[in-house]
1. Only one of these is over 30 Å from residue 31 (Cα atoms) and surrounded by 24 or more Cβ atoms within 10 Å (Cβ to Cβ): 271, 302, 267. Name it.
2. List every residue pair whose Cβ atoms lie under 9 Å apart, where the two residues are 6 or more positions apart in sequence or sit on different chains, the first residue falls within region 274-297 and is at positive phi and in contact (Cβ under 8 Å) with a residue 12 or more places away in the chain, and the second residue, located anywhere, is surrounded by fewer than 24 Cβ atoms within 10 Å (Cβ to Cβ) and part of a loop (DSSP other than H, G, I, E, B).
3. Which of the residues belonging to region 29-63 are at pLDDT 95 or above and in a loop (DSSP other than H, G, I, E, B)?
4. Of the residues 130, 234, which is at pLDDT 95 or above, assigned to a strand (DSSP E or B), surrounded by 15 or more Cβ atoms within 10 Å (Cβ to Cβ) and more than 17 Å from the chain's Cα centre (by Cα)?
5. Determine whether residue 286 is closer than 23 Å to residue 35 by Cα, within 20 Å of the chain's Cα centre (by Cα) and assigned to a helix (DSSP H, G or I).
6. Step by step: first the residues of region 7-25, then only those that are assigned to a loop (DSSP other than H, G, I, E, B) and touching a residue at least 60 places away in the same chain (Cβ under 8 Å), then the one that is nearest to residue 290 (Cα to Cα). Which residue is that?
7. Filter region 112-138 for residues that are without any contact (Cβ under 8 Å) to a residue 60 or more places away in the chain and farther than 15 Å from residue 5 by Cα and give the result.
8. Please enumerate the residues belonging to region 155-198 that are in a helix (DSSP H, G or I) and out of contact with any helix residue (DSSP H, G or I) (no Cβ under 9 Å at 6 or more places or on another chain).
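The values are calculated or read from the model by the stated rules, or taken from the named source; none is laboratory data. All of these numbers come straight from a predicted model, not from anything done at the bench. Cβ coordinates were reconstructed from backbone atoms using ideal geometry, including for glycine residues, and neighbour counts include every protein chain displayed.
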């Protein structure tokens, strides 16, 4: 079974305005509400590939109920820890070429809820895979990522991490199946301001492999993606299109990459398809429906590299 864990989910409100000005009433010409959260997006995208998963994490209030209902409506199993307070609502505003992101903190999660989530994760076995993705809510320390990584080694389940926490480094000795930093996060993890060249990116990824990661997928936005493991270095370019929403593109890429890898075992095909899917999401207000993948993938070039 595949599980996805979103500890700080949200309802995302996407709006578009012809002009967005301060101190006046701005009326939108488009709006869309979506049950969201990075790992929740992964469950949605896996379902589009006909891959089942169970979504877990923390939910509270009427917004949490809406998110749970949307997952169930899409035939996704749920097992969330219910908490006091109201799951957050984030707002993404598009005006011309500008995009504004208003991201809220959400409710505080008490220790009992955290222990309940960890108790649930302890039931996973070596036949399972867990995606842990996104930010942490109030009250949850990033030590929890290391605790989950330890559990993955003890229980034998495959762990996929897409987190911006510096504690990611401390998770690597427990050999996560896959980590997905973007190029900026990769640089930050290694204490450098920027990774300029392809060679620098590959060497940085190699350092994380040496620390214990089994696979690394680097999302690079309009530049495409980089994949590195002990035997492969693969690059993809990104297709061109009008960017509408950058919020969920990385989640889409990650879900589709792992999903296609599970379905086909073809690493190169999975990376190309995932790059196209991530771009497809960036070109629409919500998550990609995958219908434009055949067209987008024609624009993608794949390059094989090496560590040297």
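1. On inspection, the qualifying residue turns out to be 271.
2. 290/49
3. 49, 50, 51, 52, 53, 60
4. When all the criteria are applied, what remains is 234.
5. Judged against the criteria, residue 286 is not a match.
6. Within region 7-25, the match that is nearest to residue 290 (Cα to Cα) is 9.
7. Those that are without any contact (Cβ under 8 Å) to a residue 60 or more places away in the chain and farther than 15 Å from residue 5 by Cα: 112, 125, 126, 138.
8. 184, 188, 198
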